[in-house]
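Visitor: Please see the structure below; I have some questions.
The values are calculated or read from the model by the stated rules, or taken from the named source; none is laboratory data. Just so it is clear, the model here is predicted, and its values are computed rather than measured. When we count neighbours, we look across all protein chains shown, and the Cβ atoms used for this are built from the backbone with ideal geometry, even at glycine. Surface accessibility is based on the protein's heavy atoms, side chains included, excluding ligands, DNA and RNA. Shrake-Rupley method; radii C 1.70, N 1.55, O 1.52, S 1.80 Å.
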Amino acid sequence: MFDRILFPTDGGDGADAAFDHVLDLAADHDATVHVLNVADTTHDSVTRVGRDVVDVLEQEGEEVVEAAADRAADRGVETVTAVLQGGVAETIVAYAADHEADLIAMPTRGRTGLDRLLLGSTTEHVVRRSTVPVLSLRPDGEPARYPYRNVLVPTDGSDRADEALDRAVALASRSGATLHLFSVVDIGSVGAEAYSGTDALVSAAEEAVAEAADVAEAAGVETVERAEVGSSAARGIQSYLADHDLDLVVMGTRGRTGVERYLLGSVAERTVRTSPVPVLTVPDDESE
């Protein structure tokens with residue numbers, strides 16, 4: 001399923017914690033890991049050492065990727081290393097496209113220590129722009145578990161949700177995981193009692209979950225199904241995560257509403273920010 005995994009790293013504690021999970025994934029899939037460090041050109045990093053002009057960030061980047069490659073070699077995982085200059089998010093997305101990566105795996109926080117809930121983080125920029133799936137890994141808390149045993153797939157029955165479902169089914173089939181198929185009827189601030197179309201929306205959500213279960217069960221994957229009414233799809237996902245012992249969330253970056261995937265505050269981005277477990281976001285075919 002994964003042959004080439006891109007792992008952007010700045011050598012910080014968050015990246016180190018996430019790399020263990022990336023190596024678990026790569027070893028299982030016999031994948032090559034592309035270890036990338038981006039020397040951020042928004043920072044002045046050129047200095048003189050004796051008669052030589054040295055880019056400190058590039059020099060540090062070489063040390064970072066070499067250390068990661070050594071760790072991977074200890075696990076028997078093949079690596080390709082690169083240190084590039086440029087804007088961080090833009091360079092990551094371009095590298096993934098140029099090298100036909102199957103997956104970008106990266107932590108939700110890096111060396112800067114910026115709060116992972118902060119809008120505009122590098123990970124969020126990559127999730128918005130990437131044309132390949134992105135696995136967002138929380139660097140703090142309990143280490144992410146692999147193989148996956150319980151995988152949450154939020155669905156609204158849209159084509160984009162179906163693409164995420166296909167990815168989740170493939171992962172679950174490989175590891176013997178149970179898929180938790182979950183749909184939230186998002187009524188916003190209107191209120192369930194005042195919204196005349198709630199019953200129809202609930203029926204549609206239940207149908208979406210049932211259809212997803214048919215797809216999963218046809219592939220031999222065990223499922224748990226649930227549809228509910230809530231004031232927010234993102235809050236519903238948070239609540240489900242809090243109440244169940246899950247290992248991964250797999251979801252599309254845009255749903256039935258057709259809301260532009262670059263819009264801040266989307267359900268996918270909120271889930272990436274708040275999820276205690278890894279989140280695999282799957283872009284749609286119309287991604288630029």
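Visitor: In what sequence, highest mean first, do 199-210, 27-38 appear when ranked by Cβ atoms within 10 angstrom?
Guide: 27-38, 199-210
Visitor: Multiply the residue gap between residue 214 and residue 67 by 0.36 nm, knock off their C-alpha separation, and tell me the result in nm, one decimal place.
Guide: 48.4 nm
Visitor: Rounded to the nearest 0.05, what FRET efficiency do residue 231 and residue 99 give with R0 = 35 Å and r taken as the Cβ-Cβ distance? Could you check?
Guide: Step by step, r from the Cβ atoms, then E = 0.25.
Visitor: Just order 157-167, 69-79 by mean Cβ neighbour count inside 10 Å, highest at the front, would you?
Guide: 157-167, 69-79
Visitor: So, one more: Obtain the nm distance between the two label points defined at residue 244 and residue 80 by a simple spin-label model: each point lies 7 Å from its Cα along the Cα-to-C-beta direction.
Guide: 3.7
Visitor: At 1.4 Å probe size, with the rest of the protein present, what percent of the exposed accessible area of the range 116-189 is carbon and sulfur atoms?
Guide: 47
Visitor: Given H placed 1.01 Å from N in the peptide plane, which residues other than close sequence neighbours of residue 183 have an amide H under 5 Å from its amide H?
Guide: 155, 226, 227, 228
Visitor: Continuing with this model, one more query. Pulled fully out, how much extra length does the chain show between residue 222 and residue 198, if you take 0.36 nm times their separation in residues and subtract their Cα-Cα distance?
Guide: 5.7 nm
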